[in-house]
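This report refers to the structure that appears directly beneath it.
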Amino acid sequence: MPRPFMRTLWMGALLLCAPGCLSGARNLGAATTPVGTTEVGVSVNTIAFERGRERAYLPNPELTFRKGAGDNWDWGGRLTLLGLELGTRHRLMERSPWTVSVAPSAGVWYVPVTNNSTEPVNLRLGAQTLVDYRLNSRWTLTGGASLMGAFAGPLTVFQGRLAGSHLMVAPGGSLGVAYRLNPSLELRAEGGIELPFDVRDGRRQPTGYAGLTLRWGRTSRR
């Protein structure tokens, strides 16, 4: 068979074994996008999860965008093979070399599997606190702490039948490093973990992720 077809088939098979309550690397720093600037990024992410008694790995490419909306905040989102997330980012403090921000977000994901630990319809709402430490003009370290609430259920939720649905809380943490290639181009690597808890059934297996993003910005001319 042609190699592109086999690659597509392999990708589809991985999607069919994906876990519920998916997340992934958000690939964000604490510094907000300047007013009048739009940033676009391409990410290559991997999500590690438990499938049965073994670990499985899911490639999760995505497109991201951010747009500066004010002196201390921006908005944007990420589009992946599995869903869409939108949110804002608000800078709380900037005192060289530190920047602190909070980034609330909401997302919807489709995970095409049903078993005792996955549900295909996922709705997520939460926030992430981000802390930047600028080593110099090119290198920046970013630490993140997140808390997400998630609803996960079968396709019948669209018909008003909620049997088999679950509510979850997922605290997590991340660590990233960014390298500024030039004033409008950034390369960022990030890794992290989430620890989902089912409100009714207790702890679920942790989900790990890693991502690499190339992001470039364009300033609007007035």
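No value in this document is a laboratory result; all are computed from the given coordinates. Since the structure is predicted, the reported quantities are computational estimates derived from the model, not experimental observations. Counting neighbours? That spans all protein chains shown, and the Cβs are built from the backbone with ideal geometry, glycine included.
For Tyr110, the shell of other residues with beta-carbons less than 14 Å away shows a net charge of -1, using +1 for Lys and Arg and -1 for Asp and Glu.
Computed 3J(HN,Hα) for the stretch 67-82, one whole-Hz value per residue from the Karplus formula 6.51 cos²θ - 1.76 cosθ + 1.60 where θ = phi - 60°, is 9, x, 10, x, 4, 10, 7, 9, 9, x, x, 9, 10, 10, 5, 10, glycine and proline marked x.
Quick one: if the Förster radius is 30 Å, what FRET efficiency do Arg138 and Arg55 give, using the C-beta to C-beta distance and rounding to 0.05? Efficiency, rounded to the nearest 0.05: 0.30.
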